[in-house]
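All remarks here apply to the structure that follows.
The values are calculated or read from the model by the stated rules, or taken from the named source; none is laboratory data. Please read these numbers as outputs of a predicted model, since none were measured by experiment. Neighbour counts run over all protein chains shown; Cβ positions are idealised from the backbone, glycine included.
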């Protein structure tokens, strides 16, 4: 069963969460800490660049994967791991992200993932994140299974 | 990729100009928040935030700017943004925040309001 835990979260369409379908993919696993999010941006952009995405599209993908990680990273703000899987076919890139509790403890002063206290209310920041994903990728969504949320997006390369 | 993040504050015609450079994300946005809140706490209700040196901006950064805007307007002032890099302007356009903030392409125009 697919559950979208945030009522304001509008999916781009009714597309089900994509599967790997045998495509080659790159996987990245890193502590769910704010100062590690740059890794997700770098790796996603590198994979997409190798697949022929142009500079503007790479900028879009860097921001989109950042928002994807933020969306699920709040679940493990107290310490955990983010898993990222990036798959490319000839003309599109698909990225999945999910969080796992444990293993990495957020026991230093690094800011946690999620809205910054003292900024806009979390609901506003979530809405901004939603608008960004709506604009930058062709489709995106979340599915929840066994207590874990997986967020994903798919972006096609411009012809 | 430029990952250097820096925030500097300098007055222009009596208005603090907060110049930001580098990537503003969930890791660096708290520093920007602190610098903006400090200016308001010192009695400056109108601020200019210069984003010309910003190379990346996400929803947490936008949230910090929105929070600071509210503080400024609650104090009777405004928070004006300076941006001209297409990838930064695009983030404001797709979120609709270009209609919320007063935006200029130079610090001089922003200071003069």
Exercise. Could you tell me which of the residues A:42, A:68, A:37 is buried (at least 24 other Cβ atoms within 10 Å of the Cβ) and at pLDDT 95 or above?
Key: A:68
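Residues of the stretch A:123-139 being under 26 Å from residue B:28 (Cα atoms) and either more than 9 Å from chain B (Cβ to nearest Cβ) or at pLDDT below 90 (or both), which ones? Step through it out loud before you land on a result.
Narrowing the stretch A:123-139 to residues under 26 Å from residue B:28 (Cα atoms): A:123-137.
Those that are under 26 Å from residue B:28 (Cα atoms) and either more than 9 Å from chain B (Cβ to nearest Cβ) or at pLDDT below 90 (or both): A:123, A:133, A:137.
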Quiz prompt | Residue check, residue A:116 facing chain B (nearest Cβ under 8 Å), part of a loop (DSSP other than H, G, I, E, B) and either at pLDDT below 90 or surrounded by fewer than 18 Cβ atoms within 10 Å (Cβ to Cβ) (or both) | solution = yes
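Counting only residues that are assigned to a helix (DSSP H, G or I) and over 18 Å from residue B:69 (Cβ atoms), how many does the stretch B:17-30 have? Let's see the steps before the verdict.
To start, the set of residues in the stretch B:17-30 that are assigned to a helix (DSSP H, G or I) comprises B:29-30.
Those still in the list that are over 18 Å from residue B:69 (Cβ atoms) too: none.
Of the residues in the stretch B:17-30, 0 are assigned to a helix (DSSP H, G or I) and over 18 Å from residue B:69 (Cβ atoms).
So, in the stretch A:47-57, of the ones that are part of a helix (DSSP H, G or I) and more than 10 Å from chain B (Cβ to nearest Cβ), which residue ends up surrounded by the most Cβ atoms within 10 Å (Cβ to Cβ)? Steps first, answer last, please.
Going through the stretch A:47-57, the residues part of a helix (DSSP H, G or I) turn out to be A:47-50, A:55-57.
Now restrict to residues that are more than 10 Å from chain B (Cβ to nearest Cβ): A:47-50, A:57.
Numbers: A:47: 20, A:48: 24, A:49: 14, A:50: 10, A:57: 20.
That would be A:48.
Mind counting the residues in the stretch B:47-88 that are in a helix (DSSP H, G or I), away from chain A (no Cβ under 12 Å) and in contact with a strand residue (DSSP E or B) (Cβ under 8 Å, 6 or more places away or on another chain)? Can you show your working first?
If we filter the stretch B:47-88 for residues that are in a helix (DSSP H, G or I), which is where we start, we get B:59-74, B:86-88.
Subset that is away from chain A (no Cβ under 12 Å): B:72-74.
Now restrict to residues that are in contact with a strand residue (DSSP E or B) (Cβ under 8 Å, 6 or more places away or on another chain): B:72-73.
The number of residues fulfilling the criteria is 2.
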Self-check item: In the stretch B:20-46, residue surrounded by the fewest Cβ atoms within 10 Å (Cβ to Cβ) [restricted to those that are more than 14 Å from chain A (Cβ to nearest Cβ) and in contact with a helix residue (DSSP H, G or I) (Cβ under 8 Å, 6 or more places away or on another chain)]
Solution: B:45
Exercise. Check the stretch B:93-113 and report whether any residue there is within 12 Å of another protein chain (Cβ to nearest Cβ), in a strand (DSSP E or B), under 24 Å from residue A:117 (Cβ atoms) and modelled with pLDDT of 95 or more.
Key: no
Quiz item: If you go through the stretch A:93-110, how many residues are within 18 Å of the chain's Cα centre (by Cα) and either over 14 Å from residue A:34 (Cβ atoms) or at pLDDT below 80 (or both)?
Solution: 8
